[in-house]
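J.: The structure under discussion is supplied below as structure tokens; questions concerning it will follow.
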Amino acid sequence: MKHDKIRILLADDSLVTRKLYRHFLEADGDFDVVGEAVNGEEAVNMAELLNPDVISMDIEMPKMNGIEATKKIMESFAKPVVIVSSLYQPGNVQLSMECLAAGAVAIIPKPPGPGHPEYQKLSLQYTRTLKTMAEVKVVRRKQTISMQSIRTQPQQNTTITKSVNPYEILVIGASAGGPGSLKKILSELSQKITIPIAIVQHIDNNFAEGFAQWISTFSKLPVEKVRGDMPLLPGRVYLSVLPKHLVIKSKNKIGLCNGISESEIIPSVDKLFTSANKIFGANTIAVLLSGMGWDGAFALKQLKEVGAYTIIQDESSCLVFGMPGEAAKLNAHIDSIPPEQIAWKINSLLL
């Protein structure tokens, strides 16, 4: 952690709530509250002026809500935003996905005041989350590239044709910033794709079921929720909805497994990529998207070494260039491109 205090901007229209947050932060001792915004517009302006290390952002505020304020902050000067809202509910998946797609690095419930049975637990979660996210190096989000311009691009020389290397599986790993990237990719993948797609997205276990449902709202391919061993069928998207690792078990079976991973994250991108390498090897397309840490980077390098087609999300389009950045250091990728071009590339490889 930094030696200096963590500079934090509080954005919440409730004076009582802001006073409560100040109480948590001052009691912790590692924070310096540099400003308080009472609406989204103030939050955007103060984020640029005060240059905080992290922003605590409410959703429901006058003039501009927290989701829109987060989008503007991430497009202009990129600071880690933690959504802290009373609207946080495991069942409210659409709202949670909107927050994450906007560029928030985390979403947590508002901690209650003294006397509440979960006061200690949620107040500690609040300060711990802010400390962790203050260390995250986020990247400014550029405007989306038009799909028309992407479709007119010639194929890169690195493309390996199906006749030389017929791909049989597509595996994707993502963490912070992943939901927005996945939406762009799956919205543009052709419904004519006939290989299975397995995805690991680091997400709160409470949201796993709803996340799979959210994916199904824009995916052109059917989405399967994996709760145990099941057939690995062509043209399907597979996601785990349990706190277990998603793995390829054979050319005809996908399932879950227990156990820790080197990254200590469940489900682990490394576990998925390694299982795909074991079963399909060079016939794999592997994609590593925005995320904190290094999960998936080494396994992506191993896939490239056996001849698989490996892609990382480029830094300019990532919310957090952690996982793909680590893969880039290992030279584990063939392509480093934004999500819109990733979809185009996959379509060109498979169709």
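The values are calculated or read from the model by the stated rules, or taken from the named source; none is laboratory data. Fair warning: this is a prediction, and the values are worked out from it, not measured in the lab. Cβ atoms come from the backbone with ideal geometry, glycine included; neighbour counts cover every protein chain shown. In case anyone asks, the SASA skips ligands and DNA or RNA and just uses the protein heavy atoms, side chains included. Shrake-Rupley method; radii C 1.70, N 1.55, O 1.52, S 1.80 Å.
J.: What are the pairs with Cβ atoms under 9 angstrom where one residue, in the range 153-180, is more than 22 Å from Glu315 (Cβ to Cβ) and the other, located anywhere, is of a type in the set (A, V, I, L, M) and modelled with pLDDT under 50? Sequence gap at least six, or different chains.
T.: From the range 153-180, the pairs are Tyr167/Ile160.
J.: Test Glu315 against the criterion of being without any contact (Cβ under 8 Å) to a residue 24 or more places away in the chain and over 16 Å from Ile169 (Cβ atoms), and give yes or no.
T.: no
J.: Is it true that Lys278 is basic (Lys, Arg), closer than 24 Å to Ser219 by Cα and open to solvent by 10 Å² or more (accessible area, probe 1.4 Å)?
T.: Answer is no for this residue.
J.: Right, another one. Out of (1) surrounded by 19 or more Cβ atoms within 10 Å (Cβ to Cβ); (2) without any contact (Cβ under 8 Å) to a residue 60 or more places away in the chain, the odd one out for Ile285 is which?
T.: Condition (2) is where Ile285 drops out.
J.: Can you name the residue in the range 61-75 that is open to solvent by 60 Å² or more (accessible area, probe 1.4 Å), at pLDDT 90 or above and assigned to a helix (DSSP H, G or I) and, of all such residues, is farthest from Ile107 (Cα to Cα)?
T.: Lys72
J.: State which residue is surrounded by the fewest Cβ atoms within 10 Å (Cβ to Cβ) when the search covers only the range 232-242 and only residues that are of a type outside the set (A, V, I, L, M, F, W, C) and within 21 Å of Ala101 (Cα to Cα).
T.: Step by step, filter the range 232-242, then rank; the result is Tyr238.
J.: Name the residues in the range 30-39 that are more than 13 Å from Leu130 (Cβ to Cβ), of a type outside the set (A, V, I, L, M) and open to solvent by 30 Å² or more (accessible area, probe 1.4 Å), would you?
T.: Once the filter is applied, which keeps residues that are more than 13 Å from Leu130 (Cβ to Cβ), of a type outside the set (A, V, I, L, M) and open to solvent by 30 Å² or more (accessible area, probe 1.4 Å), the range 30-39 yields only Glu36.
J.: Report yes if Asp229 is within 18 Å of Pro267 (Cα to Cα), modelled with pLDDT of 95 or more, of a type in the set (Asp, Glu) and surrounded by fewer than 19 Cβ atoms within 10 Å (Cβ to Cβ), otherwise no.
T.: Spelling it out, Asp229 is indeed within 18 Å of Pro267 (Cα to Cα), modelled with pLDDT of 95 or more, of a type in the set (Asp, Glu) and surrounded by fewer than 19 Cβ atoms within 10 Å (Cβ to Cβ).
J.: Glu42 is checked against (1) part of a strand (DSSP E or B); (2) open to solvent by 10 Å² or more (accessible area, probe 1.4 Å) and fails just one. What number does that condition carry?
T.: (1) is the only condition that Glu42 fails.
J.: Restricting attention to the range 45-60, report how many residues are surrounded by 19 or more Cβ atoms within 10 Å (Cβ to Cβ) and part of a helix (DSSP H, G or I).
T.: Total satisfying the criteria: 2.
J.: Taking the residues in the range 200-226 that are among the acidic types (Asp, Glu) and outside any helix (DSSP H, G or I) as candidates, determine which candidate is surrounded by the fewest Cβ atoms within 10 Å (Cβ to Cβ).
T.: Across the range 200-226, the extreme among qualifying residues is Asp204.
J.: Show me the helices (runs of 4 or more DSSP H) found entirely inside the range 93-199 where at least 2 residues are of a type in the set (A, V, I, L, M, F, W, C) and either at pLDDT 90 or above or open to solvent by 20 Å² or more (accessible area, probe 1.4 Å) (or both).
T.: Those helices (runs of 4 or more DSSP H) span 93-102, 119-134, 178-188.
J.: Taking the range 296-351 on its own, how many of its residues are among the aromatic types (Phe, Trp, Tyr) and open to solvent by less than 20 Å² (accessible area, probe 1.4 Å)?
T.: 1
J.: Additional query: Quick one: would you say Ala78 is under 23 Å from Gly291 (Cβ atoms) and not in a helix (DSSP H, G or I)?
T.: Answer is yes for this residue.
J.: Okay, next question. His245: open to solvent by 10 Å² or more (accessible area, probe 1.4 Å) and either over 23 Å from Ala101 (Cβ atoms) or of a type outside the set (D, E, K, R) (or both), yes or no?
T.: no
J.: Oh, and also: Go through Ala27, Ala78 for me and flag whichever is open to solvent by less than 30 Å² (accessible area, probe 1.4 Å) and at pLDDT below 95.
T.: Ala78
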